[in-house]
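Taking it in order: structure first as structure tokens, then the write-up.
The values are calculated or read from the model by the stated rules, or taken from the named source; none is laboratory data. Remember, predicted model here, so these are calculated numbers, not experimental data. As a convention, Cβ positions derive from the backbone with ideal geometry for all residues, glycine included, and neighbour counts pool all protein chains shown.
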Amino acid sequence: MPAAAAGPEGRWAGAIQIPGTELSVQIDLAPVEGGGWKGDIDIPLQNARDLPLTDFAVDGTSVTFKIGGIPGDPTFHGTLAADGSKLAGDFTQNGQTFPFQLERPSTTGPTDEELKAHLAEYVPKILETWKVPGLALAVVRDGKVVLVEGYGVRDREKNLPVTAETLFAIGSSSKAFTTAALGMLVDEGKIEWDKPVRTWLPDFKLHDPFATERMTPRDLSSHRSGLPRHDLMWYGTSATRAELFSRLGDLEPSADFRTKWQYQNLMFLTAGYLVEKVAGKTWEDFIRERLFTPLGMTASNLSIAEMEKVENRSLGYQEKDEEEGGALEVMPYRPIDAIGPAGSINSNVVDMAKWVQFQLGDGTWEGKTLLNRATLDELHRPVIVLDGGGIVSLLADEELPWVMYALGWFVQPYRGHLVVHHGGNIDGFSAFVTMLPKENAGLVILTNKNGTVAPLVLAAHIHDRLLGLPEKDWSGLMKAKRDEAQKAAKEAEKAQDEGRKAGTKPGHALPDYAGLYAHPSYGDLTVEVLGKGLGLTYNALQKSPMEHWHYDVWNLTEGEGKGTKVNFETNLQGEVERLSVSLEPSVDPIVFTRKPVELTAEQLRRFAGQYELPGVVAVVELQGGNRLTVTVPGQPTYDLLAYRANELRLKGLPGFSLRFEEKDGKIVAASFVQPNGTFRAPRK
């Protein structure tokens, strides 16, 4: 540690002792040429950054100053230690007095070379502990890139090494690029953070009418829409971005608008779609032209199709369940173009280090303004506080008391220092981008393992080193939390098994369950007979086997949907009409209704003819080539709508249908099905 300064100039870190807690602060003091002092203060727990200090009075070891522009006349009255290493005294505000103590933190930490040497030994240990095949790391310090390095392998089978140029998927770390794009449009006066989205996207519609009318770009970017994840709606879908946007209106919310933080990828899809409509070009082209190109991020791309053209790219891996041996296996790339604004960017640490440098700067790059400084600051300013679960649980610690979300970034106090960060998890990859704005430092950690917390562990360890803080066993702490979560999940699965009703049978023959079902937002779902059971196909779930659970409930037995229950429901005629499945656990099960079949004119023509009812003859006719009608004497003529291959419903009459009988390839009769009975009519 360097020798202490003779006076109060320099950086100070410490806390105000408020009853029941410590309010951590960081203060910078400097003499002004010609006499006087200047300074600023950060209060991470209050997200206060660079508040100006005023009214200095420095007399020997006595130091007094105030926080400018804050009510209550907040004032520090302190005494400098004889060796200049400590500043302690009383803090007063609104007539109340609290003790404070400040010390000069280590301002050097390890040298760049010492840090590189340490990480060369430490990172391989992290890879081994967390079973991660490969990792790439960039360290930015004092605004300069001091380390870009690869560790481990990008392809286990071929033993190909990770280098600084190796491409990884960065997942949700892409979100900050989308909010930067919105910020550019704000700077140009084309959109406003707090004006309704429908100003520019009049077709925007959610389940909640109030949220539909009031949702703003700020809301889209801060996960406070009221919607839970609903990720299975888009994961593995072939639907386009525009199609997904048009289907938002039937997604059930799980909280009131703006009352709760809930991670939501579809709102970031909407933010990217907004960029497209306002800028007149695709989100991909906008990011490429307005961010990648000026920042020199020449290796970065925006889709799996582009990534697969690059030789130096990493494969993604996942760890099998313990009962399957816990081995690592390749996790195939999955195209996620439609949801791209929420997480489709692929990059390397060389490019991402430039992104961190830009975020730590003033919005300019090589003399060109990309974002106004005020807009860049806005991206990092918290909007909502998280209330637990997920990353909050992982990071829960007395020195990391809470987490907030800004615009595409998480913001939180870290052991008395402000940290801005965002992770990313997508098939086979986990990433973490983190910055210490006050220290002008940042990290990029890219890994090729699905859902690992290794990037968080490594980031915390490096933070402690850079800040000169006492080291904590973050790996041990997070491993304990992970093991606890896994244990709870297994107990929940066991409890689910206990609810199974033994000795029951399905209410229908297997073919009766088969068919195409649809939900207005979630799209189509297919059920088919698969061996001695059923199979379900929905987006990423392809022919997932289902076993009979009890009554008309079936259970997915393999793959990503393992353990999910599907409940089939019948109509008044005893036919399987719909199914419900919990694709989003925070709302009621999603109900899919059997989708009518589509019949050609030739198929419809087979049903045309006369059918004999008691005392009358019903006539089924093909009108205009593709419209089938039925007429019973004394009643109106009704259109017939295809429902199943041999069953058509009467339009406008719920519960009424014609079910046609076939024998030796010919239609021989029609049964008139209605609520008060079924009447068979042989064909004349």
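Laid out as a table, the results:
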read-out	value
Qualifying residue in segment 110-123 (condition: touching a residue at least 24 places away in the same chain (Cβ under 8 Å) and either assigned to a loop (DSSP other than H, G, I, E, B) or more than 30 Å from S314 (Cα to Cα) (or both))	yes
Odd one out for R224 among (1) in contact with a Ser or Thr (Cβ under 7 Å, 6 or more places away or on another chain); (2) of a type in the set (D, E, K, R); (3) assigned to a loop (DSSP other than H, G, I, E, B)	(1)
Residue count for segment 258-306, restricted to those that are outside any helix (DSSP H, G or I), under 30 Å from L386 (Cβ atoms) and either more than 20 Å from the chain's Cα centre (by Cα) or of a type in the set (G, A, S) (or both)	2
Residue list for segment 540-583, restricted to those being in contact (Cβ under 8 Å) with a residue 60 or more places away in the chain and more than 29 Å from R649 (Cα to Cα)	A540, L541, G563, L583
Check on M215, buried (at least 22 other Cβ atoms within 10 Å of the Cβ) and without any contact (Cβ under 8 Å) to a residue 60 or more places away in the chain	yes
Complete set of residues in segment 403-460 that are surrounded by fewer than 22 Cβ atoms within 10 Å (Cβ to Cβ), in contact with an Asp or Glu (Cβ under 7 Å, 6 or more places away or on another chain) and at pLDDT 95 or above	N450
Considering residues of segment 494-547 that are of a type in the set (G, A, S) and within 28 Å of the chain's Cα centre (by Cα) only, the residue nearest to N646 (Cα to Cα)	A518
Failed criterion for E560 (all others in (1) in contact with a strand residue (DSSP E or B) (Cβ under 6 Å, 6 or more places away or on another chain); (2) under 26 Å from L251 (Cβ atoms); (3) at pLDDT below 95 hold)	(1)
Qualifying positions in segment 370-401 - at pLDDT 85 or above, among the hydrophobic types (A, V, I, L, M, F, W, C) and part of a loop (DSSP other than H, G, I, E, B)	L370, L371, V383, L386
Subset of segment 144-187 (residues that are part of a loop (DSSP other than H, G, I, E, B) and either closer than 18 Å to F432 by Cα or outside the structural domain of E439 (by TED's automatic domain parsing) (or both))	V162, T163, A164, E165, T166, I170
Hits in segment 37-88 (condition: closer than 13 Å to W12 by Cβ, outside any strand (DSSP E or B) and within 47 Å of the chain's Cα centre (by Cα))	S85
Candidate set: segment 530-547, residues that are in a strand (DSSP E or B) and in contact with a Gly (Cβ under 7 Å, 6 or more places away or on another chain); chosen: the one surrounded by the most Cβ atoms within 10 Å (Cβ to Cβ)	M546
Whichever residue in segment 607-632 is assigned to a loop (DSSP other than H, G, I, E, B) and at pLDDT 95 or above and, among such residues, is farthest from A670 (Cα to Cα)	V632
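So that you can scan it fast, the table gives a plain yes or no per residue for (1) more than 28 Å from H230 (Cβ to Cβ); (2) not in a strand (DSSP E or B):
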{"residue": "E491", "(1), (2)": "no, yes"}
{"residue": "K494", "(1), (2)": "no, yes"}
{"residue": "D497", "(1), (2)": "no, yes"}
{"residue": "K501", "(1), (2)": "yes, yes"}
{"residue": "L516", "(1), (2)": "no, no"}
{"residue": "S521", "(1), (2)": "no, yes"}
